[in-house]
1. Which trypsin sites (Lys or Arg not before Pro) from the stretch 51-103 combine a DSSP loop assignment with at most 10 other Cβ atoms within 10 Å?
2. Sort the stretch 39-109 into rounded, prolate or oblate with this rule: let a ≥ b ≥ c be the square roots of the eigenvalues of the Cα gyration tensor; rounded if a/c is under 1.5, and if a/c is not under 1.5, prolate when a/b is larger than b/c, oblate otherwise.
3. List the chymotrypsin sites (Phe, Trp or Tyr not before Pro) within the stretch 52-95 that DSSP assigns to loop and that have no more than 14 neighbouring Cβ atoms inside 10 Å.
4. Among Leu50, Gly29, Ser76, whose Cα projects farthest towards the positive end of the dipole of the stretch 16-108, with charges put on the beta-carbon of Lys, Arg (+1) and Asp, Glu (-1)?
5. Stretch Leu49-Thr32 to full length: gain in nm at 0.36 nm per residue minus the Cα-Cα span?
Amino acid sequence: MDKLKRVLSGRDAEEPSGLSEVIDATSLGWGTRVKGFVACFAIGCLCSLLGSCLLWIPKKGLILFAVFYTLGNIASIGSTLFLMGPMKQLKRMFEPTRLIATIVMLVSI
């Protein structure tokens, strides 16, 4: 019905909304998603490994371990955002069956 109104009013070309332009501009192809996942996951694993190695440095080792290990965990979890998308990931993380595990994980980070 809206299309008929646009045609009759002389606006037969569909005007793109701002939201649809943002969605089209930010959507990633499957190849780009996989590359982003691999890169982010590799950075996460590298940070976690580096944090584990820095644990043995005297005096500041524990602080460096905590920082790098936390960044590694966040990057590894964030890598799945590329595959699923942020909203779908958050919805699945906070499902009733996963809620306790998600809360424990976020608190421990």
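Derivation of every value follows stated rules applied to the coordinates shown; laboratory data play no part. What you see is a predicted model; the values in this text were computed from it and never measured. Every residue, glycine among them, receives a Cβ derived from its backbone with ideal geometry; neighbour counts consider all protein chains shown.
1. Working: sites: Lys59, Lys60, Lys88, Lys91, Arg92, Arg98; in loops: Lys59, Lys60, Arg98.
Here the sparse-neighbourhood loop sites are Lys59, Lys60.
2. Working: a/c = 4.34, a/b = 1.82, b/c = 2.39.
Verdict is oblate for the stretch 39-109.
3. Loop-located and lightly packed - Trp56, Phe94.
4. The residue sitting farthest along the positive end of the dipole is Leu50.
5. Working: separation 17, 0.36 × 17 = 6.12 nm, distance 2.56 nm.
Result: 3.6 nm gained on full extension.
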